[in-house]
Structures are given as C-alpha cells and as structure tokens.
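The block underneath contains the structure these notes are about, expressed in structure tokens.
The values are calculated or read from the model by the stated rules, or taken from the named source; none is laboratory data. Just so we're clear, the structure is a prediction, and the values are computed from it rather than from any experiment. Neighbour counts run over all protein chains shown; Cβ positions are idealised from the backbone, glycine included.
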Ligand code: ACK
C-alpha cells in the first residue's frame, strides 16, 4: 500500500515538472520570436527587406549573428550589396570644397553634406571619395565595395559612411570628415608634441575599433598608421576598407608569387608565407602601428628591403623599442609579434591592457631600457666583429654568464647567433631583463649578418 502511494506521488510530481518545463519552453520561444520581430529583419536573419524587395547574399555564414560582417563579394549583383548597406544620397545635397589628395580610384575631397531630415538645413563636413569619370565597370564595382563594407560598421573608432552617390556622375562615397587626416602624416608633422598618455589614448582607440571589427568577423589585412584617420579631438578611426579583401595597396604592396600584393612591413609572417590572414595577423599589424605611433611615424624597419625584413623576422629579429617608449607598451608590441599566432593577445585583451595603463599612468613611467636602435644604421655598433663569446659578453656587460655558455657548448659566435630564449633559460639565465639584453644583441647580430650577406659581403 505504502509503495503504491509513494509511486503515485512520484509519477504525479514528475508529470507536474514535465508540464512546467513544456510551458516554460513555449513561453520563452514565443518571447524570443516577438523580440526578434521588433528588431530590423537583419537582426534576426540575413534576409533584408528594402523597398518591398527581398534581397539575400548568395552565402551566409553558418550560425551568423546580426553582428557578423557579410562579404559583399557573396552577392550575385554587387549593386545589390551597395543598395543594402549604403544610403543613396542625392548629388544636389553635396558641395565639394577642396581636394585633399589622390585616392586609388580618383580624388579625395573635403566638402559639405546637407542633411535631408530637416529639409537640407543642416550642413556637415564630409570627405568625398570620387570615382574617375570613364572608369570601367570593374573599377566602379571595386570602388563601391568599400562602401558596402564600411556601411556595415557603426563604431566610434571606425570611419562612418554617410552614403553613396551612384545615380549620377561622378560616383562618390561620402564619409565623416577627419580634420587631422591620416595618422602617419599627422604624427610626422607633430613629432614629439604629445604626452605619452595621449599616444596611448590613440592606440586604445585603434585597438577598440579593431576589437569591434574582429568581433564582426572582419579581417582588415592592411592595418597601418596610413590607414587610420584622426579627427580634431585626436580620436583615431580605422579607415580604408578598399584593400581588405584582395590587398592591392598601391604604395606598400609587394607582389607575392601568386600575384597578390602584401604590405610586408605590417604583415604577420604566416600571412606573408601562406596567406593566413586572421584577426591574429591583424594583431601583428597593430603591434607595428603601436611602433609607428610611439616613434611619431617612423618607417618600420627603416630603409631595409622587404626581403631583409622577411628574413630578419624569420630569424627572430623584432623592432627595438622607440625612444621614450614605456616598457609596458613595448612589451605589448612584442606580444603582438609572437611568431605563433595563437600566442598573440586578442584585440579585446589589448583594449583591457591599454585601459589599465591609462587608468594608472604611473605604469607608463618606466621607459623600455632595451632600446638597441636601428642595428643597420650607419652609426650602429658592428655586432659581427666579435672574435669570441667572451669578447661579445663583455661588450654587453653580461660576462658573468660566460661559464653558462661554455658549459652548454656555446663556444663560438656561430653558435651564439643561433641561440634562443628557451636555451638561455636552460643554461640558467633566468632573469628576464638579462635574457632580453642578450637576445637583443643576438638579434642585432642576425640583422647585420643578413644585411651583409644580401649586400654580398663575406662575414
Ligand atoms: O594624409 P591626409 O591628409 O589624409 O591625405 C589623405 C588624402 O585624403 C588622400 O587619401 C585624406 N583623407 C582620406 N579620407 C579622409 C577623411 N575621411 N577625412 C579627412 N581626410 C581624409 C587623407
């Protein structure tokens, strides 16, 4: 009797729980779809309804969320992507005032845009990229692709697209106006004029824009100071999305064996070697941008040839800390330049690191000490002239480790050039500062040997 009562109670309780679970599931599913319907169709689905038409890209990423970038090349008709992602502006709302410079497809101008919401009464400053009259259909499509990409982004550190003019000639792309122009030119023109915290603030902005883009699954492939714009308040914004799919950088691109172009100095080794472009390769480029910013627009790797850059990086050489660069920022650069891409920080963690440094400016006081300068500069000490390990260790004030090297059988300069950080630890050199000092010297030596070899000198 008791067993029957207990069994009945259990059955009733289980049935009751099952009913509650079913009701709860139905309730939440219903609520989810109601919220979805409240948003734009694109928030729930990649289907878009514009002007009563249903348009859709040919492919959609599996599990794509509303925050995923859609490659305009997946559209059968490129014009459709432009209609989808960029607002058409009437040419009569635009006044061109001055030419800022030449772009890949035509002039870049400054001008005014009358904003229609209040009957064209408000005018704002804009930048206007024009397409050269008489350009081919392919050039027109390539030109407008940038607008289809930019139109998908909305972030304070990513250049904002106002819209496009495609229904009249010249075809134009209208973006927000950035008073101080491109970051590299701006820094060169203002050498030494900023406080470190201002420079770090610029880097924080760039990292934040890149975090947003990487979270949208967008890989830039050409992040460099020349492709960052600066406004009057020193806010930095990522620009230049025209080259992001197929690198065609006119000034920096070096041809690969497969006919693509790669801005070598800014590009991660795996992207150069086998075209593995990812957000982690964008992080490498961000490290180079940090170096450009902290050195006020100096050219990375100075006047080295692209081949010298590739060879030196492969051998472990890394750019030295710029003058007066905080140690913490140089460490961040070195982290971005980890050979193994999975060991590099993400943009999210870079933003966190920079935020912490900005919140506690004292952490920026310590200046990187391991500044070795350009080992290929005419006045750089010749690191290839040492006849013995002892002579070399004496020159860098590390003679205390002579025995460690000898015990490990590293008794010639040929062996020294091949030494790695791991080996240093194994031979008992565990102080990070000393490891850095020794490795900097080894890297300078490697760079000079590479340069001498490429110039045909016997070393
Ligand atoms: O270094 P700059 O002054 O900044 O010269 C180049 C020139 O146009 C050709 O690209 C400038 N530029 C490009 N986009 C913008 C923009 N949105 N706002 C202001 N200047 C821009 C760039």
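With 197, 149, 173 as the choices, which residue is within 11 Å of the ligand (Cβ to nearest atom) and either modelled with pLDDT of 95 or more or not in a loop (DSSP other than H, G, I, E, B) (or both)?
The unique qualifying residue is 173.
Tally up the residues in the range 207-225 that are under 14 Å from residue 235 (Cβ atoms) and in contact with a helix residue (DSSP H, G or I) (Cβ under 6 Å, 6 or more places away or on another chain), please.
Looking only at that region, the number is 2.
Could you tell me whether residue 164 is farther than 11 Å from residue 238 by Cα, more than 10 Å from the ligand (Cβ to nearest atom) and not in a helix (DSSP H, G or I)?
yes
Can you go through 183, 187 and tell me which one is within 13 Å of the ligand (Cβ to nearest atom), closer than 24 Å to residue 104 by Cβ and out of contact with any strand residue (DSSP E or B) (no Cβ under 8 Å at 6 or more places or on another chain)?
Just a single option satisfies the conditions, and that option is 187.
Report the residue count in the range 92-112 for those that are more than 12 Å from the ligand (Cβ to nearest atom) and either over 27 Å from residue 227 (Cα atoms) or surrounded by 19 or more Cβ atoms within 10 Å (Cβ to Cβ) (or both).
Result for the range 92-112: 3.
Against the condition surrounded by 23 or more Cβ atoms within 10 Å (Cβ to Cβ) and either within 25 Å of residue 143 (Cα to Cα) or within 16 Å of the ligand (Cβ to nearest atom) (or both), how does residue 232 come out, does it pass?
Answer is no for this residue.
I need the full set of residues from the range 209-229 which are over 16 Å from residue 299 (Cβ atoms) and surrounded by fewer than 22 Cβ atoms within 10 Å (Cβ to Cβ), in order please.
Once the filter is applied, which keeps residues that are over 16 Å from residue 299 (Cβ atoms) and surrounded by fewer than 22 Cβ atoms within 10 Å (Cβ to Cβ), the range 209-229 yields 211, 212, 214, 215, 216, 217, 219.
Can you find a residue that is under 24 Å from residue 72 (Cα atoms), part of a helix (DSSP H, G or I) and in contact with a strand residue (DSSP E or B) (Cβ under 8 Å, 6 or more places away or on another chain) anywhere in the range 132-144?
Yes, some residue in the range 132-144 is under 24 Å from residue 72 (Cα atoms), part of a helix (DSSP H, G or I) and in contact with a strand residue (DSSP E or B) (Cβ under 8 Å, 6 or more places away or on another chain).
Given the range 304-408, what helices (runs of 4 or more DSSP H) lie entirely inside it while holding 2 or more residues that are modelled with pLDDT of 95 or more and under 21 Å from the mean Cα position of the chain (by Cα)?
306-314, 327-336, 347-359
Residue 127 versus (1) within 16 Å of the ligand (Cβ to nearest atom); (2) part of a strand (DSSP E or B); (3) over 23 Å from the mean Cα position of the chain (by Cα): which is the lone unmet condition?
(3)
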